[in-house]
């Protein structure tokens with residue numbers, strides 16, 4: 001089990017192994033010699049700042065992003081969007097936002113390839129025609145680099161029943177098959193992300209390590225942590241522990257040990273409303289600003305902004321003081337030290 005291996009893991013944050021040997025993408029005239037972007041979209045300075053804007057509000061992505069950025073008083077480096085099944089992506093709206101001539105953005109595209117097939121069936125080729133059509137669409141539509149994560153947060157979809165087609169090893173096989181098929185069909189611009197839930201109870205499962213598809217098909221690793229009443233600051237968010245899983249060191253510490261050379265993305269994070277404590281969100285956002293530099297392996301931080309998230313309201317400005325603290329965080333120079341590469 002993972003937790004047994006990690007019992008003695010150091011709690012001190014460590015730096016990301018230098019990506020200096022990796023070739024850079026086309027240089028940006030605004031970039032300084034000390035701040036560059038690699039071919040895997042790793043910023044050498046600070047971290048990308050991003051948002052999934054006004055999710056579950058029924059607004060289109062363009063209006064949602066414009067509204068969220070107006071509320072913030074600043075812009076995002078990364079736009080997180082969601083697709084499923086036969087949908088082709090990026091859409092015309094998403095392409096337009098990525099290619100904004102004033103403020104280009106990176107796309108983080110979250111795709112669940114099928115709800116009608118098991119992971120094992122996908123790995124065996126059940127939706128290859130769908131993958132091929134998507135590959136053709138991406139080649140014709142969007143040659144720029146973008147982040148791609150496949151069936152994020154797979155832990156709670158695992159079915160350990162023999163033959164279910166939804167075991168952890170089936171997930172790894174599905175992920176490998178989709179990525180390799182896309183690459184074989186000419187999609188060379190997708191920077192792949194493996195996204196975990198980031199919760200101790202799932203990390204303690206005996207099959208947890210079997211989810212990982214392999215270094216050759218994963219460029220970034222990610223977690224999706226949320227702050228409820230048990231999480232008071234950013235430290236507690238990215239390194240959640242629980243008394244009933246005492247050997248688990250926290251997700252960031254595990255990622256340091258398990259993936260010392262890979263960039264880490266916080267692909268979704270949010271702070272829920274807390275009844276009786278209107279200062280909680282403000283205090284939490286302030287903690288991110290003071291603590292983020294303790295985690296140099298985190299190279300992207302993407303907020304999930306929704307008044308109707310499954311477990312509560314994660315709107316960053318549900319309280320005026322929280323909104324001001326979030327805006328200050330979003331404008332912090334740490335998140336804007338490396339300009340987004342222009343198309």
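Across the chain, the mean sequence separation of Cα contacts (distance under 8 Å, 6 or more residues apart), normalised by length, yields a relative contact order of 26 percent.
Using the number of other C-beta atoms within 10 angstrom as an exposure proxy, rank 255, 197 with the fewest first.
197, 255
Each Cα pair under 8 Å and six or more residues apart adds its separation to the average, and for region 288-343 the resulting relative contact order is 23 percent.
Taking other C-beta atoms within 10 angstrom as a stand-in for reagent exposure, 251, 335, 208, 245 fall in the order 245, 208, 335, 251, fewest first. Listed by Cβ neighbour count within 10 Å, with the fewest neighbours leading, 209, 92 appear as 92, 209. When a/c is below 1.5 the answer is rounded, else prolate if a/b is larger than b/c, else oblate, so apply that to region 231-343 with a ≥ b ≥ c taken from the square roots of the Cα gyration tensor eigenvalues. Oblate is the answer for region 231-343, as a/c is 1.5 or above yet b/c matches or exceeds a/b.
Decide, for region 233-279, between rounded, prolate and oblate: order the square roots of the alpha carbon gyration tensor eigenvalues as a ≥ b ≥ c, take rounded if a/c falls under 1.5, and otherwise choose prolate if a/b is larger than b/c, else oblate. Taking the square roots of the gyration eigenvalues as a ≥ b ≥ c, region 233-279 is oblate. What is the antiparallel percent of DSSP beta bridges lying wholly in region 211-343, to the nearest 5? About 10 percent, rounded to the nearest 5.
With Cα atoms defining each centre, region 105-181 and region 49-72 are spaced 26 Å apart in the structure. Taking every DSSP beta bridge that has both residues in region 46-335, what percent is antiparallel when rounded to the nearest 5? Of the beta bridges lying entirely in region 46-335, close to 5 percent run antiparallel. Working note: 222 nm ellipticity from helices only, DSSP H runs with n ≥ 4, each -39,500 (n - 2.57), summed and divided by the residues of the chain, gives -8000 deg cm²/dmol to the nearest 500.
All of the numbers you see were taken from the coordinates with simple rules; none came from a lab. It should be emphasised that the depicted structure is a prediction, and the values quoted were computed from it without experimental measurement. Positions of Cβ are backbone-derived with ideal geometry, glycine not excepted, and every protein chain shown enters the neighbour counts.
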